[in-house]
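Read through the structure below, which is laid out as structure tokens, and then see the notes.
The values are calculated or read from the model by the stated rules, or taken from the named source; none is laboratory data. Bear in mind the structure is a predicted one, so any value in this text is a computation, not a measurement. Please note: Cβ atoms are built from the backbone with ideal geometry, for glycine as well, and neighbour counts cover all protein chains shown.
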Amino acid sequence: MKIYGYIGVTCLFLAVLLVFLNFVYSKKQKKVSGSLRQEGEKIFALYVSLYNKISRIPVLNKVLHSIRKRLEIYTVSDEKNIRKTTVTLFISSATAYASVVFIFWAITRDLLLLILFTVLLSFIGDTIIELFINNLQNKLLRQQIKYLELLRHKYYEQKSVEDANMEACNLLNNEGTYEVYAQAERINDILSSRDVEEELGKYYETAPNKYFKMLAGIIYITKEYGDTIAKGGSVFIRCITYLGREIKAELYKREKLKYALRSLSTISLLPLFFLKPLRNWASESFAPLKSFYTGKLGIVLGIVTILTSIISYIILRRLQSFDSNISSGYVKKSLEARLYEKFLHPIVDRLVPREYTKQSYYFSELIKNAMAPVNIYTLYVRRLLVGFLTFLLGIFMFLGLNEYSRYSILYLPQMPEGYLGGQLSDQEYAMLKNITDFDRSIILSLGKNPSEEMVLEELLQNGQLDNKEREIAHKRIYRKIEKLSNNIFWWWQLIICFLLFTAGYWAPVLALQIMVKARKIDMEDEVSQFQTIILMLMHMNRVHVQEILEWMETFSIQFKEPLQKCILNFSSGPHEALEELKAEVGFSPFLTIIDNLQLAISDLDVAKAFEELEDEMNFNRETRKESNERIVEKKKNLGNMLGFLPVYALILLYLIIPMLVTGMNSISVFYKQIRNL
């Protein structure tokens, strides 16, 4: 018994000791967690303070609010986290911007290029934000696939879409997929709200992507009207399957395009960093190149290289972006419309082609297919504005080149003819500088349009040179005077300015043509979405054509405005409203849907009018799969070309061509000197 007593006392002592140790440990843990909580609260307070301070700065507050708006779409979080993420992205972007500008200045030491590069970076400075948003979108799409799988599984178990969504939501919360859990929770709240349609409309305005809008609509319709069995299967499960396929295809396209176009944007900007170092290296290695780079042709080639780099970068960013931001709702009157009403309507009315002509029909169809927020009158105003601006740009460019050429002739040392050496010594450069200063003093003292005799007389009066030096100086100075007299705005430069005006005049039309091709892809995606909506609604009881149009308008981006007009005019005449919709939209797959809707109005019900829709969707899906492969391949080839084009332009235009031109000129002058011996 004593042994058992000792064991019992020992166990009791150990239990008390464990309780004491647990109490001490929990107390320390509370202190640590309290200090961590206080530290976390301090960090949050710091971010909130930074957010408030940046919001008061006039220019930076717009950047901060634009970052916040984009984050609010893809994240469902409290105010503190949104402000923290916004400030973090803002500081990261500003730090990267300042670092790149500092590196650029350390490499180039050129104030003009620095100003140009700073303006360019301010235009494309949201690269880090775009990368963050794209990664967040891809993460959300991957989680949404898992959400759909859970929803399908739970629907088979519960046979209720509301209960299935609730259980899927709980599973997503337990697995730590917070982003998609927040969206599933929002859909849960919509289903349990008093006014489901109102809350659903609010969700449509703030949903992170079209697939969540689509899913919320599918769940709501299934809850409202009940599921339908068609061809031996559930329509709800079939729609979930269609949606999952669309998301997987989108993710595949995004990942493949991201891999294909990686680092190309950075490569396209390399010429801006290496333009000045390459010019300095070439000028020091071969002295005549310095005169070429400071001449008109060298400046023009430098401008072309810089523009090539900037344009390539902008196009690459457009290729890498996946969002098609189209403004919907109220849009204020454009600048072109205001200019047309106040000043330009007499000119534009004369330029716009008359109605029912071939040219008028072409521009009307182009605007309609591009879904651009312009009409034919504002299009012509835009053409005039862009043409006039490019014309002025050409004039200012030639005037600036002429002024710089005058400055280089008078103030910059010129290489002697036939010079084939490398780098000039300090003595040679000082001698050329003294010659330039002497020539400038003679030229400025002669006034305008001096003759050869006046130059010679001025040199004789100067008396600093002997006969041989005077003869050499006379030829050299008069050659500079001829260059200065020829340094005027020539007639062929005016012709080039008119050609630039023509290019600018047709640029908006070309932009619309490019927009038509780009919108065609988005329109195909949207028509596929319409087909899924119709496939979902066609088997529901009491569904009618106007309700289908309302659902299509809710999910639409490309065809939103024509659909809104059709719905407003539907009560006055359904067939006429649909005919007007066909007249406004020239996209043939969408016209097929309208034709079937007209059949459903006349003598068929919706299910019979769209009985071949599923086969058509399967065919379209295979076609779009091949189309997506071709699109990715085209974007990959175009991206590779645009990414390395500025580097090729830098090497060819700013290194090889200057070396060839200066080398040939120097050799030709050298042979002339040999013949004169």
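List of remarks:
- None of GLU580, GLU561, GLU584, GLU526 is surrounded by 20 or more Cβ atoms within 10 Å (Cβ to Cβ) and in contact (Cβ under 8 Å) with a residue 12 or more places away in the chain except GLU526.
- Failed item in (1) farther than 21 Å from LEU537 by Cβ; (2) buried (at least 21 other Cβ atoms within 10 Å of the Cβ); (3) touching an Asp or Glu at 6+ places or on another chain (Cβ under 7 Å), with ILE190 passing the rest: (1)
- Qualifying position, being modelled with pLDDT of 80 or more, among the hydrophobic types (A, V, I, L, M, F, W, C), surrounded by 15 or more Cβ atoms within 10 Å (Cβ to Cβ) and more than 30 Å from SER528 (Cβ to Cβ), among LEU272, LEU257, LEU297, LEU307: LEU272
- Filtered residues of the stretch 59-84 (kept if among the β-branched types (Val, Ile, Thr) and at pLDDT below 70): ILE73, THR75, VAL76
- Residue count for the stretch 210-265, restricted to those that are under 24 Å from ARG318 (Cα atoms) and outside any helix (DSSP H, G or I): 3
- Screening SER485 on (1) within 30 Å of SER285 (Cβ to Cβ); (2) out of contact with any helix residue (DSSP H, G or I) (no Cβ under 9 Å at 6 or more places or on another chain); (3) among the small types (Gly, Ala, Ser) shows it passes everything except condition (1).
- All positions within the stretch 490-506 that are under 24 Å from the mean Cα position of the chain (by Cα) and surrounded by 16 or more Cβ atoms within 10 Å (Cβ to Cβ): GLY504, TYR505
- Test: LYS290 is in contact with a helix residue (DSSP H, G or I) (Cβ under 6 Å, 6 or more places away or on another chain), farther than 20 Å from PHE104 by Cβ and assigned to a helix (DSSP H, G or I): yes
- Unmet requirement for TYR648, which otherwise passes all of (1) closer than 17 Å to PHE274 by Cα; (2) among the hydroxyl-bearing types (Ser, Thr, Tyr); (3) crowded, with 17+ Cβ neighbours inside 10 Å: (3)
- Which listed residue is surrounded by 18 or more Cβ atoms within 10 Å (Cβ to Cβ) and part of a helix (DSSP H, G or I), from ILE129, ILE103: ILE129
- Index of the failed condition, LEU113 passing every other in (1) in contact (Cβ under 8 Å) with a residue 60 or more places away in the chain; (2) farther than 28 Å from TYR313 by Cα; (3) aliphatic (A, V, I, L, M): (2)
- The condition of being at pLDDT 85 or above, touching a helix residue (DSSP H, G or I) at 6+ places or on another chain (Cβ under 8 Å) and more than 30 Å from SER445 (Cα to Cα) holds for only one of LEU384, LEU401, that being LEU384.
- The number of residues in the stretch 170-208 that are part of a helix (DSSP H, G or I), closer than 22 Å to ASN81 by Cα and of a type outside the set (Lys, Arg) comes to 16.
- Search result, residues across the stretch 458-493 that are under 30 Å from LEU392 (Cβ atoms) and either in contact (Cβ under 8 Å) with a residue 24 or more places away in the chain or touching a strand residue (DSSP E or B) at 6+ places or on another chain (Cβ under 8 Å) (or both): LYS483, LEU484, SER485, ASN487, ILE488, PHE489, GLN493
- Test result for CYS566, on the phi < 0 side of the Ramachandran plot, buried (at least 17 other Cβ atoms within 10 Å of the Cβ) and touching an Asp or Glu at 6+ places or on another chain (Cβ under 8 Å): yes
- VAL455, sole failed condition from (1) in a helix (DSSP H, G or I); (2) in contact (Cβ under 8 Å) with a residue 24 or more places away in the chain; (3) out of contact with any His (no Cβ under 9 Å at 6 or more places or on another chain): (3)
- Members of the stretch 458-474 found to be assigned to a helix (DSSP H, G or I) and charged (D, E, K, R), listed by number: GLU458, LYS468, GLU469, ARG470, GLU471
- Of the residues making up the stretch 475-495, those that are more than 16 Å from SER445 (Cα to Cα), part of a helix (DSSP H, G or I) and of a type in the set (S, T, N, Q) number 2.
- Scanning the stretch 135-165 for residues that are at pLDDT 85 or above and aliphatic (A, V, I, L, M) gives LEU140, LEU141, ILE145, LEU148, LEU150, LEU151, VAL161, ALA164.
- Residues that are more than 31 Å from the chain's Cα centre (by Cα), crowded, with 17+ Cβ neighbours inside 10 Å and among the hydroxyl-bearing types (Ser, Thr, Tyr), drawn from the stretch 338-370: none
- Residue pairs meeting the criteria (Cβ under 7 Å; at least 6 apart or on separate chains; first within 20 Å of TYR203 (Cα to Cα), in the stretch 219-236; second at pLDDT below 80 and in a helix (DSSP H, G or I)): ILE221/MET536; ILE221/LEU537
- Residues considered: ASN628, ASN620, ASN676, ASN665. Of these, the only one that is in contact with a Ser or Thr (Cβ under 7 Å, 6 or more places away or on another chain) and at pLDDT below 80 is ASN620.
- The conditions of being under 24 Å from LEU399 (Cβ atoms) and touching a residue at least 60 places away in the same chain (Cβ under 8 Å) are not met by LYS256.
- Residues of the stretch 442-457 that turn out to be under 53 Å from the mean Cα position of the chain (by Cα), modelled with pLDDT of 80 or more and not β-branched (Val, Ile, Thr), as a count: 1
- Any hit, the stretch 405-420, residues being surrounded by fewer than 18 Cβ atoms within 10 Å (Cβ to Cβ), in contact with a Phe, Trp or Tyr (Cβ under 7 Å, 6 or more places away or on another chain) and touching a residue at least 40 places away in the same chain (Cβ under 8 Å): yes
- Search result, residues across the stretch 424-455 that are surrounded by 12 or more Cβ atoms within 10 Å (Cβ to Cβ) and over 22 Å from ARG406 (Cα atoms): LEU424, GLU428
- All conditions in (1) under 36 Å from the mean Cα position of the chain (by Cα); (2) modelled with pLDDT under 80; (3) among the hydrophobic types (A, V, I, L, M, F, W, C) hold for LEU537, with the sole exception of (1).
- Any hit, the stretch 508-530, residues being among the polar types (S, T, N, Q), in contact with a Cys (Cβ under 7 Å, 6 or more places away or on another chain) and either assigned to a helix (DSSP H, G or I) or farther than 23 Å from THR378 by Cα (or both): no
- Within the stretch 420-435, being over 48 Å from the mean Cα position of the chain (by Cα) and either under 19 Å from ASN486 (Cα atoms) or at pLDDT below 80 (or both) holds for SER425, ASP426, GLU428.
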